[in-house]
């Protein structure tokens with residue numbers, strides 16, 4: 001694996017001298033990602049590079065980490081990248097429902113390392129899973145107006161939803177073909193029964209039908225804490241089948257997914273599961289798709 005170049009399409013850094021509401025307050029009752037107490041520490045670029053040691057990491061995409069001040073987080077990541085050469089790109093947090101969302105978007109767009117925006121949309125009737133308090137955000141006129149402005153600012157959108165929201169997301173993509181969308185975490189397949197897997201696959205195919213959508217295989221451990229290569233195989237291979245290697249990329253979701261495995265165990269699994277693909281297809285999955293999607 002060491003000879004295979006990697007662009008990690010999804011990771012986070014943490015500086016606890018800044019505020020991260022999701023890492024503060026009572027740890028229990030645990031959310032669906034499990035016991036996050038090991039994450040309640042600073043996780044620097046040096047920590048990340050230690051986790052990725054032994055791999056030829058040629059680029060990385062930093063995804064907003066729920067900081068209280070997204071603008072401060074963007075400035076911090078830009079400073080780290082200017083000094084160290086990594087991360088290669090940053091996806092900033094903006095709530096597109098905010099009254100001043102347009103101004104926030106313009107501010108982030110002016111920072112050279114910013115390539116996209118994430119506004120987490122995961123809604124679920126179970127409070128253990130849900131991130132939002134309403135299911136209709138994607139159709140809100142204020143949200144839609146701000147979403148539509150992304151392309152003009154040179155920004156993509158990292159879309160994070162559950163399988164039950166994928167069909168609605170496909171409609172969003174169809175109505176805004178000018179906006180480049182990156183589906184996070186392979187659509188977050190949280191169910192393992194036949195019906196849940198069918199719902200996930202149907203939604204993934206609907207999104208893949210939209211040419212402005214690519215996806216990343218990441219955070220599989222978030223929904224499968226004791227994952228094995230066998231347990232993630234259907235989701236990895238079916239995602240690649242649905243979107244194709246040129247529209248699929250791999251991400252570690254570290255440090256969150258360090259709760260479930262080492263970086264090496266994760267990328268060794270990705271390596272093993274794709275050995276039947278051509279060298280060109282594997283290069284797309286491990287490097288080229290992320291390079292195009294985030295304009296590295």
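Every number here is computed from the coordinates shown, using simple stated rules; none is lab data. Computed from a predicted structure; not experimentally measured. FYI the Cβ positions are ideal-geometry reconstructions off the backbone, even for glycines, and counts take in every protein chain you see.
Some points to look at:
- Where both bridge residues fall in the chain, DSSP classifies roughly 5% of the beta bridges as antiparallel.
- Cα pair distances exceeding 23 angstrom across region 120-200, given as percent: 21
- Fully extending the segment from residue 49 to residue 68 would add 4.3 nm, taking 0.36 nm per residue of separation and subtracting the current Cα-Cα distance.
- Spatial offset of region 72-145 relative to region 209-249 amounts to 22 Å, using the alpha carbon center of each.
- Sequence of 256, 7, 142 once ranked by neighbouring C-beta atoms within 10 Å, starting from the fewest: 142, 256, 7
- Across the chain, the mean sequence separation of Cα contacts (distance under 8 Å, 6 or more residues apart), normalised by length, yields a relative contact order of 20 percent.
- Put in line by how crowded their Cβ is, counting other Cβ atoms within 10 Å and starting with the fewest, 158, 51, 126, 72 read 126, 72, 51, 158.
- By the count of other C-beta atoms within 10 Å, a proxy for reagent exposure, 249, 138, 188 are ordered fewest to most as 138, 188, 249.
- Computed over the alpha-carbon pairs of region 1-119, the distance histogram in 10 Å steps reads 12, 40, 34, 13, 1 percent, short to long.
- Label point at residue 82 placed 7 Å out along Cα→Cβ; residues across region 58-75 whose backbone nitrogen lies under 19 Å: 62, 70-75
- Kirkwood analysis of the Cα pair distances in region 81-149 returns a hydrodynamic radius of 13.6 Å.
- Extension gain for residue 195-residue 103 works out to 28.9 nm (0.36 nm per residue, less the C-alpha to C-alpha distance).
- Share of pairwise Cα separations in region 5-293, more than 33 Å, in percent: 15
- Convex hull of alpha carbon positions in region 141-266: directionally averaged projected area 8.1 nm².
- Ranked from largest, the principal axis spans of the Cα set of region 196-253 equal 34, 24, 16 Å.
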